[in-house]
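Have a look at the structure below before the remarks.
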């Protein structure tokens, strides 16, 4: 179903969703300059490189899939104050100086939506269990908690460390995504090894549809279910 149609139907059911802040198209790979615990949580300093252009304190930046507010900016190095809830749900607390992270500045009105609606509100963490490498395409298989996988559908969208990807398969507690050479070169996913962890955000539109349907899992969706809920005429 086209996103604009889902938008209209979800609104008709009395639920409105916020416009995505990001698209999942990574602009640059940044480098962590410092990371340390603070009284309020965690202080993270990242060299944004060319992505620092136009960024000001108070702006939002997607850091490894997590929407973070720029608290301080010194040249191209941005400081972020990571709150405990973010530390609990993401990998940001495990970052150290020298680590590389995918970065995307927030959308401006009129920008192209090259990926899909990404808010930077991470749902949980997945672990890379297998890298299937053969030919020009690579297939990465992840293991994740059941409630996370339950919101996914094959050929749907997912953001992994902030990267917009299409789900190839969803089964049990695992999901797989295909990566093209460009994605491997321009994001950190090419360097992710088996056992490595990644931040996962499931599709925003799908979340609202499932909420309207009263907690129905993605695997239980059918045309009849959607028709009964008023999503189909």
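Restricted to strands (runs of 3 or more DSSP E) entirely inside segment 138-195, those with at least 3 residues that are within 18 Å of residue 120 (Cα to Cα) and touching a strand residue (DSSP E or B) at 6+ places or on another chain (Cβ under 9 Å) are 157-160, 163-171. Among all positions in segment 197-218, there is no residue which is in a loop (DSSP other than H, G, I, E, B), within 23 Å of residue 25 (Cα to Cα), touching a strand residue (DSSP E or B) at 6+ places or on another chain (Cβ under 9 Å) and at pLDDT 95 or above. Looking across segment 94-118, the residues that are surrounded by fewer than 20 Cβ atoms within 10 Å (Cβ to Cβ) and at pLDDT below 95 come down to 106, 107, 108, 109, 110, 111, 112, 113, 114.
Consider segment 28-41. How many of its residues are surrounded by 13 or more Cβ atoms within 10 Å (Cβ to Cβ) and over 21 Å from residue 105 (Cα atoms)?
The initial filter retains those residues of segment 28-41 that are surrounded by 13 or more Cβ atoms within 10 Å (Cβ to Cβ), namely 28-35, 41.
Now drop any that are not over 21 Å from residue 105 (Cα atoms), which leaves 41.
Result for segment 28-41: 1.
Among the residues making up segment 40-86, those that are part of a strand (DSSP E or B), farther than 21 Å from residue 188 by Cα and more than 20 Å from the chain's Cα centre (by Cα) are 41, 42, 43, 71, 72, 73, 74. With respect to the conditions (1) farther than 21 Å from residue 67 by Cβ; (2) surrounded by fewer than 20 Cβ atoms within 10 Å (Cβ to Cβ); (3) in contact with a helix residue (DSSP H, G or I) (Cβ under 7 Å, 6 or more places away or on another chain), residue 124 falls short on a single one, namely (1). Residue under question is residue 126, and the condition is that it be under 13 Å from residue 199 (Cα atoms) and part of a strand (DSSP E or B); does it hold? Yes: the conditions hold for residue 126.
Would you call residue 15 in contact with a helix residue (DSSP H, G or I) (Cβ under 6 Å, 6 or more places away or on another chain) and modelled with pLDDT under 95? Steps first, answer last, please.
Details: in contact with a helix residue (DSSP H, G or I) (Cβ under 6 Å, 6 or more places away or on another chain): yes; modelled with pLDDT under 95: yes.
Considered against the rule, which asks whether it is in contact with a helix residue (DSSP H, G or I) (Cβ under 6 Å, 6 or more places away or on another chain) and modelled with pLDDT under 95, residue 15 comes out as yes.
When residue 138 is tested against the conditions (1) over 18 Å from the mean Cα position of the chain (by Cα); (2) farther than 26 Å from residue 81 by Cα; (3) surrounded by fewer than 16 Cβ atoms within 10 Å (Cβ to Cβ), the lone failure is (3).
The values are calculated or read from the model by the stated rules, or taken from the named source; none is laboratory data. From a predicted model like this one, the values you see are computed outputs, not experimental measurements. Every residue, glycine as well, gets a Cβ built from its backbone with ideal geometry; the counts of neighbours run over all protein chains shown.
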